[in-house]
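Take a look at the structure set out below.
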Amino acid sequence: MADPSVDVVEGCRLPVLRKNQENEDEWPLAEILSLKDIPGRKLYYVHYIDFNKRLDEWVTPDRLDLKKLQFPKEAKTPTKNGLPGSRPSSPERDVRKSLELNGQSASAPSRGKSLPTPKRKAESVSLATQVTAATPVPSLPGPAEANQASVYPAMRDPSFSIKSREEHEQLASLNTNGTARRLIPSQPGRKRKNCGGTDEMVKVFQNNSPRCSTIYLLPGEDSQDSSDGIPSAPRMTGSLVSDRSHDDIVTRMKNINCIELGRHRLKPWYFSPYPQELTTLPILYLCEFCLKYLKSLKCLQRHLTKCNLRHPPGNEIYRKGTISFFEIDGRKNKAYSQNLCLLAKCFLDHKTLYYDTDPFLFYVMTEYDSKGFHIVGYFSKEKESTEDYNVACILTLPPYQRRGYGKLLIEFSYELSKVEGKTGTPEKPLSDLGLLSYRSYWSQTILEILMNLKSENGERPQITINEISEITSVKKEDVISTLQYLNLINYYKGQYILTLSEDIVEGHERAMQKRLLRIDPKCLHFTPKDWSKRGKW
């Protein structure tokens, strides 16, 4: 379909042929990010609109549908921040930016230092947006409503009727002064006054009938919502959150073709700031033990004769079977930490890479065999976090994904929080894969507790949101959003109850049967340090 007479330039949009998951041909709309000439043909680097950036690739002219070519409009494509060579934001990022600006203007200033509005790629946040928009967080009962909760056997009170739900819907559509009010979707990290300080009691129903699919917000005088119902934007402060000021034409393109790490060859998904002279190599070689990057196989072989490491530097704080975790101080092992960040940036697009690793701890998970401890994945965390973050970045390397290692990393981070006596939450924003992993982990962890509740002294068992948070070390906001995501919270006789349907129970049991890898707290040898006294550096 290529027409040599048509001049395709950077910024053009047109359908491009690609294979979908079913190996069928499709023609999604794509943007031309770059062009290059090689002997005999021309190549185009394309970004598929509404697809994740990891699918970006170089394509040949025969895959372009030039009949539907859309040229960039000069009047609407200013250079970003006045920098030459920068591409403007895509429409999906502009929509996201406008939503964030509206949310920020309608909310009270958040505590902590402020950062520029993140201009994240829509692909990396689309899943989070879809999930949170469909799952409003209920306003939990305040002190006057915190009555004793009960667990009923497999039954439903006949008074929970359509009429009572309609009556409550009318209540939920009004605020305290009687004016109409919109239902507020949940916001990650959102804090509500009536969710803190009160140990809210929640009823739990074990019910064989289908679960209630609709959840309403009960308005209260202490609500922090804005008067017009616009939710506050999710907080984006943190250690490694990208402000996207580097989001120009260079960083939008993958710069490393292939990485050889031990017995694996990895195809990077995103840009990583390796030295520019290495980006033209067909293969970048890494030592799998110290993660040093080398330009050729001969250099790697020479390096291996000198490298004495057979495991990540640092202290081994966990070992069970072939799985080990090593704790690495970003100040004491700066070279390894920087090399780890460079590798991780190839597969993480939503965080900024900083070479200043001193304020961070890195927890590297490895698999052991006769040749040494091979890196599987890692997560980093701030030595001191004012936001209760227990994870800054988290990654399972592609060869080890879909094998349960992601949940194992998440579970390990919460085991550390339990030893520290704190509740924790991952730093936002999460990548699409990170959000899926955390949603799954939170759901399984909370359901495991609810299903194991037992009655005492003949009374119906009861539990509070605070108790769930204390048992799991999952921050209360994440507990509430997960219960809402699972559609477990329902309004019943003036109280909020949890309804466990048969489908939920069966689905959880099937998932737990497949989850073979678990952290054994007895194998953890970890003593938390008081970094406020030691200092970050």
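The values are calculated or read from the model by the stated rules, or taken from the named source; none is laboratory data. On a predicted model such as this, the values are computed, not experimentally measured, just so you know. Ideal geometry is used to build each Cβ from the backbone, glycine not excepted, and the neighbour counts take in all protein chains shown. These area figures cover heavy atoms from the full protein model, side chains too; ligands, DNA and RNA do not enter into them. Shrake-Rupley method; radii C 1.70, N 1.55, O 1.52, S 1.80 Å.
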Enter the accessible area of residue 384 (Å², nearest 10), with the probe set to 1.4 Å and all protein chains included.
-> 70
Given +1 on the Cβ of Lys and Arg, -1 on the Cβ of Asp and Glu, and no further charges, what dipole in debye does the stretch 330-474 carry about its Cα centre, rounded to the nearest 20?
-> 480
Got a sec to turn the phi values of the stretch 18-27 into Karplus ³J(HN,Hα) couplings, 6.51 cos²θ - 1.76 cosθ + 1.60 with θ = phi - 60°, whole Hz, x for Gly and Pro?
-> 8, 8, 8, 5, 8, 6, 9, 6, 9, 10
At 0.36 nm per residue, minus the direct Cα-Cα distance, what do residue 513 and residue 356 gain on full extension? Give it in nm, one decimal, please.
-> 52.3 nm
Nearest 0.05, what FRET efficiency do residue 283 and residue 532 give at R0 = 41 Å with Cβ-Cβ as r?
-> 0.35
Over all Cα pairs of the stretch 295-404, how is the pair count split among 10 Å bins, expressed in % and running from 0 up to the last occupied bin?
-> 13, 43, 36, 8, 1
At a Förster radius of 51 Å, what calculated FRET efficiency corresponds to the Cβ-Cβ distance of residue 26 and residue 457, to the nearest 0.05?
-> 0.25
Once amide H atoms are built 1.01 Å from N in the peptide plane, which residues 5 or more positions from residue 393, or in another chain, come under 5 Å H to H?
-> 380
Can you list residues whose amide H is under 5 Å from residue 500's amide H, if they're 5+ apart or on another chain and H is modeled 1.01 Å from N?
-> 205, 206, 207
Ignoring everything but the protein chains, give the 1.4 Å probe accessible area of residue 491 in square angstrom, nearest 10.
-> 60
Order the following by accessible area, largest value first: 51, 360. Probe radius 1.4 Å; ligands, DNA and RNA are ignored.
-> 51, 360
Using a 1.4 angstrom probe and counting only protein chains, how large is the accessible area of residue 38 in Å², to 10?
-> 60
Enumerate the calculated ³J(HN,Hα) couplings along the stretch 338-346 in order (Karplus 6.51 cos²θ - 1.76 cosθ + 1.60, θ = phi - 60°), each rounded to whole Hz, writing x wherever the residue is Gly or Pro.
-> 5, 5, 5, 5, 4, 5, 5, 5, 5
When the chain is fully extended, how far beyond the present Cα-Cα distance does residue 315 get from residue 303, taking 0.36 nm per residue of separation?
-> 2.0 nm
Honestly the stretch 392-432 on the Cα gyration tensor test (a ≥ b ≥ c root eigenvalues; a/c under 1.5 rounded, otherwise a/b vs b/c for prolate or oblate) is just oblate
Dipole moment magnitude, nearest 20 debye, the stretch 264-420 about Cα centre, only Lys, Arg, Asp, Glu C-beta charged | 840
Grab the beta carbon distance between residue 502 and residue 370, set R0 = 41 Å, and tell me the FRET efficiency rounded to 0.05.
-> 0.30
Using the Karplus curve 6.51 cos²θ - 1.76 cosθ + 1.60 with θ = phi - 60°, work out ³J(HN,Hα) for each residue of the stretch 415-421 in order, rounded to whole Hz, and write x for Gly and Pro.
-> 5, 5, 5, 5, 5, 6, x
Would you rank 252, 18 by solvent-accessible area, highest first, keeping every protein chain in place and using a 1.4 Å probe?
-> 18, 252
Cα-Cα over 31 Å: which of 371/422; 254/407; 67/428; 19/298; 298/383; 345/529?
-> 371/422; 67/428; 19/298; 298/383
